[in-house]
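One structure below.
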Amino acid sequence: MDAFLIEGGRPLRGSVEVRGAKNAALPMMAAALLMDEGKLVLRRVPNLADIKSMVLVLQQLGVRVDRRGHEMTLQVVSEKNCRAPYELVSKMRASVCVLGPLVGKRRQAEVSMPGGCSIGDRPIDLHLKGLAALGASVAVERGYVIASARRLAGNSMYLGGPFGSTVTGTENVLMAAVLAPGTTVIECAACEPEVQEVARLLVRMGARIDGIGSPRLTVHGVRKLRGCTFDIIPDRIEAGTFMAAAAITGGDVSIERVDPGHLMCVTECLKQAGAHIETGPDWIRVIGNGMFRPVSVATLPYPGFPTDMQAQFMALMTRGEGISIITERIYPERFHHVPEFGRMGANIRREGPSAIVIGTKELSGAPVMASDLRAAAGLLVAALAARGETLLQRVYHLDRGYDQIEQRLEALGARIRRVDLKPESRSSPLREAV
Ligand code: EPZ
């Protein structure tokens, strides 16, 4: 099983280009199911494990997928199969995004309930509520969502839940509504850039959607959608991860082909922590000094502080000059990285949905275990600044959301390499892993 061996303490310097956004590409791929004719060409598709998983699900559902570098062409060749099986959906939660377009276009769907994951409970009740509001009959049987609708009709609905809006829930209901006769109003719609881009793609395909970027989306159903060519926005979380890495290592890195407007909250918090940040139309330069003023944050729906940057920001706060409180308002259990940071010498205490981080002078390298994609990213950021070597295990989590991350960090001066851990060496000291 792959691991990363990281020699920390080297400032990152240079420039890095941000790849296309994973969480925009995945629902956009699912939108191909809505096409009556033509081909959907997506450009700037990142080369990630999650993208490969979505390709397998779509191929099962009669979509032909061709890839040429970062360009992907999708075409519906058969609408016969409407079942997305457990063995594929359980690999990647975002596969649930095929539910809405299947109901919207084929009026039927059998999609396995997405597996749980280590960041906490991840229900899809709001997805199902929205589909039912459009007239679909929805049931959960033997671990599958069984949805069917002789006909759909536009309707008004409130899609907020106990933790606010739902990103993929909004995307699913939107993709079901665009072909539903009449008018649909989605209140408390998610406003994340990725959701906005799915809506813009649907409009480019022929849908009629008002209020994009606002918590109220109004959809006027149309008869059919056609293919088009669409550029995927830069991955704001990947960009934020590189920003954190530059800051914690006391480096000087220019992050390019990014939309600074998608990262205002992260940029603000990094500035408050003491990083020097300059921004241009499509670049952000981060100059860090390795030690930080304490900044307390709470994760919130966009444009608030993104939960997907929580672990990476916590890594910075462990190198702080005081006490910061990091509160999870989206996934209150999303703290599996805390004990791993503790193994590196960080001083963090859980208090319910918050983590109290007491800054220490330095972190020390250690064998640590990734539990999910963004916990892995946070541990990677910490390892880049820690004194000595860190063995970051289960990097398959990172491969889900970061394309060639070790090569790109190495190009910035990091000392990092992928090692294949033999089973007997998994918990042994570093030297045997080399
Ligand atoms: C999306 O997940 C992202 N994934 C997640 O990124 C991200 O962390 C999350 O949004 C929050 O920003 C993709 O876009 C593929 P939600 P999603 O529905 O849509 C609750 C990553 O690392 N909720 O917005 O599944 C839910 O439990 C991943 O790239 C309900 O209660 O998240 C959570 O507390 C991790 N009922 C909150 O809402 C529902 O029906 C937000 O969840 C749906 C959600």
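Bear in mind these aren't lab numbers, they're just calculated from the coordinates by the rules spelled out. Not measured: the values here are computed from a predicted model. Cβ sites come from the backbone with ideal geometry, for glycine too, and all protein chains shown count toward neighbours.
Observations on the model:
- Positive contributions from Lys and Arg (+1) and negative ones from Asp and Glu (-1), summed over other residues with Cβ under 10 Å from the Cβ of Lys105, come out at +1.
- Beta bridges per DSSP with both ends in the range 22-231, % antiparallel, nearest 5: 75
- Rounded to the nearest 0.05, the FRET efficiency derived from the C-beta distance between Arg13 and Glu362 at R0 = 30 Å is 0.90.
- Taking N as its residue count, the alpha carbon Rg of the range 84-138 over 2.2 N^0.38 Å: 1.13
- Residues Leu412, Leu88, sorted so that the one with the fewest Cβ neighbours within 10 Å comes first: Leu88, Leu412
- Each Lys or Arg adds one and each Asp or Glu subtracts one; over the other residues with Cβ under 15 Å from the Cβ of Val185, this totals +1.
- Its residue count N sets the reference 2.2 N^0.38 Å, and the alpha-carbon radius of gyration of the range 105-213 equals 1.05 times that reference.
- Cross-link table Lys80/Lys224; Lys22/Lys422; Lys52/Lys105; Lys271/Lys361; Lys39/Lys80, entries beyond 25 Å C-alpha to C-alpha: Lys22/Lys422
- Relative contact order (percent, whole number), the chain, Cα cutoff 8 Å, 6+ residue spacing: 21
- Convex hull volume of the C-alpha atoms in the range 298-396, normalised per residue: 82 Å³.
- Of Lys52, Lys39, Lys422, the residue with the greatest mean-square motion in the GNM of the chain, using alpha carbon springs below 10 Å, is Lys422.
- Cα gyration tensor category, rounded, prolate or oblate, for the range 137-182 with a/c compared to 1.5: oblate
- When the P(r) of the range 41-88 is calculated, the portion above 19 Å amounts to 25% of the C-alpha pairs.
- 15 Å beta-carbon shell around Asp399, net charge (K/R +1, D/E -1): +2
- Anisotropy class of the range 21-106 from Cα gyration tensor, a/c 1.5 cut: oblate
- Separation of alpha-carbon centers, the range 275-316 and the range 61-98, rounded to whole Å: 34
- Net lengthening on full extension, Asp231/Thr279 (0.36 nm per residue, minus Cα-Cα): 15.1 nm
- Among Ala207, Ala24, Ala411, the largest mean-square fluctuation in a Gaussian network model of the chain, built with springs joining Cα atoms closer than 10 Å, belongs to Ala411.
- Of Phe163, Phe305, Phe242, the one that fluctuates the most in a GNM where the chain has Cα springs shorter than 10 Å: Phe163
- Shape category assigned to the range 22-231 from the gyration tensor of Cα positions, a/c cut at 1.5: rounded
- Counting only DSSP H runs of at least 4 residues, each contributing -39500 (n - 2.57), and dividing by the residue count of the chain, the helix-based mean residue ellipticity at 222 nm comes to -8000 deg cm²/dmol.
- Beta bridges from DSSP with both residues in the chain: antiparallel share about 70 percent, rounded to the nearest 5.
- Rg ratio for the chain: its Cα radius of gyration over 2.2 N^0.38 Å, N being its residue count, equals 0.98.
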